[in-house]
1. Under the condition of being more than 17 Å from the chain's Cα centre (by Cα) and more than 9 Å from the ligand (Cβ to nearest atom), which residue from the stretch 121-137 is surrounded by the fewest Cβ atoms within 10 Å (Cβ to Cβ)?
2. Looking at PHE164, PHE180 in this structure, which one is within 22 Å of PRO507 (Cβ to Cβ), within 14 Å of the ligand (Cβ to nearest atom) and not small (Gly, Ala, Ser)?
3. ARG458: within 16 Å of the ligand (Cβ to nearest atom) and open to solvent by 40 Å² or more (accessible area, probe 1.4 Å), yes or no?
4. Which residue is farthest from GLY333 (Cα to Cα), if the candidates are limited to the stretch 503-517 and must be exposed (fewer than 15 other Cβ atoms within 10 Å of the Cβ) and in contact (Cβ under 8 Å) with a residue 24 or more places away in the chain?
5. Looking at the stretch 365-376, which of its residues are over 21 Å from LYS145 (Cα atoms) and open to solvent by 10 Å² or more (accessible area, probe 1.4 Å)?
6. Among the residues of the stretch 439-451 satisfying the criterion of being within 16 Å of the ligand (Cβ to nearest atom) and in a loop (DSSP other than H, G, I, E, B), which is nearest to GLN68 (Cα to Cα)?
7. Does ALA342 fit the bill of being buried (at least 23 other Cβ atoms within 10 Å of the Cβ), hydrophobic (A, V, I, L, M, F, W, C) and away from the ligand (no atom under 16 Å from the Cβ)?
Amino acid sequence: MATSAQLAIGSLVAALFIYIIHRVRKLANFFSDRNIPYIPNVWPFGSSLNVGLLRENPFIGWDKLYRQLAPHKVGGIYSYMNPVVMVRDPEYVHRVYATDFSSFVDRGFIVDETKDPLDGHLFFLSGEKWRYLRAKLSPIFTSGKLKWMFEQMKSCSDKFVDTFEEGLDLSEDVNLRETFARFTTDVITSCAFGIENNAIDDPNNEFRKIGKQFFHASKLNSQLLVARMSIPKILAWLKIKTIDQNITDFFVDVVKQTFHHRISTNYVRNDFVQLLLELREKGEVKTEELFSDKSKQSNGEAGNEEVLELNDALLTAQLFVFFIAGFETTASGMLATCYFLARNPECQQKARDEARKVFEKNGGCDYDSLKDLSYLQNCINESLRLLPSVSMNFRVATKDYQFPNGIRIEKGTNVVLPTISLHYDPNYFPEPFKFKPERFEGQGPIKGSYAPFGDGPRICIGKRFAEVEMKLTMAKLLLNYNFLPGKEDCDLHDHEIGALTAQTKKPMYVRIQKLKN
Ligand code: HEM
């Protein structure tokens with residue numbers, strides 16, 4: 001005879017079993033219950049078995065699902081057990097990014113900045129905290145402020161171009177990934193932390209080592225990032241950290257020392273540290289531009305009510321994200337631009353002629369003359385189309401929402417905006433694998449189809465900064481060097497499995513020739 005304790009345990013196990021079955025069925029029927037076309041789950045690996053088994057880069061795997069979901073405007077996929085809504089139609093994508101932003105404010109990360117001090121940054125924060133911080137930080141990225149710190153960037157750029165050949169074998173095909181990563185590390189450490197770093201010359205540079213460690217392409221790394229967005233509650237519950245402790249310690253220490261030095265010596269420098277100290281002291285950074293970015297224009301609700309204390313921990317987290325979000329993406333953009341210009345010599349020559357004209361007219365390149373490098377800008381845009389540093393963007397529905405075609409999703413549903421897939425879709429970019437900078441002339445691509453920096457109020461805050469950095473440096477490189485194709489092409493559809501930013505498995509080799517001036 002079973003005792004009452006055994007009966008109780010038995011009932012509990014049975015109840016748990018029934019609950020699990022119910023949950024699994026609910027998840028399995030998630031899309032059919034809502035009449036959303038979907039790619040079934042290969043339980044429990046998700047809609048793409050290769051992605052689930054860590055045999056393929058998640059975004060390249062999902063790009064295939066994008067094509068399988070044609071012609072639907074909205075479709076469903078599973079990331080392991082988690083349903084994710086993929087928005088395929090550019091008009092709908094634009095709604096999620098911009099028009100209906102108030103229903104898609106967040107990326108869906110769950111952070112506890114009290115436990116992980118570097119997690120409380122703009123990229124991860126949600127809701128009111130994000131709104132408050134974005135409104136406070138936007139004035140730091142205005143055109144006026146970039147002009148103010150342009151000299152720091154220019155001096156890194158001059159040094160980089162002057163020493164570009166050092167350590168490179170110009171008689172061989174060259175992979176410039178590391179070269180550009182060292183350069184962009186120096187720019188961001190100079191402009192953000194106010195430190196004259198020297199990653200260009202020193203392969204053992206501390207910032208470079210930390211950057212490499214963070215972006216180390218491990219399968220676990222990229223799965224963790226996807227998991228942080230698709231199953232954030234489980235990760236938070238399991239207390240899984242995504243930033244190694246030594247990285248946290250490094251940044252906390254660097255920022256502490258820098259703040260201390262600035263305050264104790266009254267040293268003033270045109271950089272982000274200075275602006276953040278101003279923000280901490282006065283609660284705001286004065287800006288000369290009324291609408292410094294899209295977040296103020298379109299969400300209108302950019303909060304002023306203090307929901308976050310602008311303390312050292314919060315400011316450290318922002319400097320950390322400027323570093324992490326700023327160097328690898330920009331290096332990847334420059335690498336892609338070099339690679340595609342090398343394979344398109346006429347475009348390269350046209351960009352060089354334009355740069356020569358601008359530099360001759362102005363006796364060099366100042367901040368204001370960068371706007372005259374419009375063809376080069378189109379070449380960079382086209383390179384970021386063919387290899388967007390960030391392959392896909394994420395949002396979570398922050399309210400129940402109905403798409404114009406009647407599909408309804410509830411608050412809390414994960415949404416993916418498939419940047420790379422839209423960039424490769426011949427409906428929006430005819431002959432998608434041809435390098436055609438002229439696509440960006442006039443009206444340019446249709447709304448929602450092109451978003452290497454995301455879009456709407458949550459668009460990349462460093463877009464302008466990155467564009468200035470890339471344009472200035474690419475122009476100078478083109479005036480001094482000719483880029484030729486390497487022997488082997490890379491495969492745009494085969495990315496490193498664990499890379500957080502886009503990274504083709506075969507390197508993007510180029511050949512470099514010094515120009516006789
Ligand atoms: C070519 C270079 C870059 C690319 C391609 C890039 C791309 C992106 C993308 C796709 C997003 C997500 C936008 C969205 O969800 O709509 C983003 C967000 C962000 N980026 Fe960048 N980025 C670049 C450079 C930078 C730089 C230089 C910085 C800082 C100095 C930066 C800081 C940030 C931050 C803080 C966010 C979060 C913004 C928010 O949530 O409000 N990025 N970036």
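1. GLY127
2. Details: PHE164 fails: within 14 Å of the ligand (Cβ to nearest atom).
Matching residue, one of PHE164, PHE180: PHE180.
3. Working: within 16 Å of the ligand (Cβ to nearest atom): yes; open to solvent by 40 Å² or more (accessible area, probe 1.4 Å): no.
Criteria not met by ARG458.
4. ASN517
5. To start, the set of residues in the stretch 365-376 that are over 21 Å from LYS145 (Cα atoms) comprises 374-376.
Across the stretch 365-376, the qualifying residues are SER374, TYR375.
6. Residues of the stretch 439-451 that are within 16 Å of the ligand (Cβ to nearest atom), as a first pass: 440, 445, 447-451.
Adding the requirement that they be in a loop (DSSP other than H, G, I, E, B) leaves 445, 447-451.
Working: PRO445: 23, LYS447: 23, GLY448: 20, SER449: 18, TYR450: 20, ALA451: 21 Å.
Of everything passing the filter in the stretch 439-451, SER449 is nearest to GLN68 (Cα to Cα).
7. Numbers: buried (at least 23 other Cβ atoms within 10 Å of the Cβ): no; hydrophobic (A, V, I, L, M, F, W, C): yes; away from the ligand (no atom under 16 Å from the Cβ): yes.
The answer is no for ALA342.
One line per residue, one yes/no per condition, for (1) at pLDDT 90 or above; (2) over 23 Å from the mean Cα position of the chain (by Cα); (3) within 16 Å of the ligand (Cβ to nearest atom):
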residue	(1), (2), (3)
ASN221	no, no, no
PHE250	yes, no, no
GLN257	yes, yes, no
ASN266	no, yes, no
GLU284	no, yes, no
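The values are calculated or read from the model by the stated rules, or taken from the named source; none is laboratory data. None of the values given here were measured: they were computed from a predicted structure. As a convention, Cβ positions derive from the backbone with ideal geometry for all residues, glycine included, and neighbour counts pool all protein chains shown. These area figures cover heavy atoms from the full protein model, side chains too; ligands, DNA and RNA do not enter into them. Shrake-Rupley method; radii C 1.70, N 1.55, O 1.52, S 1.80 Å.
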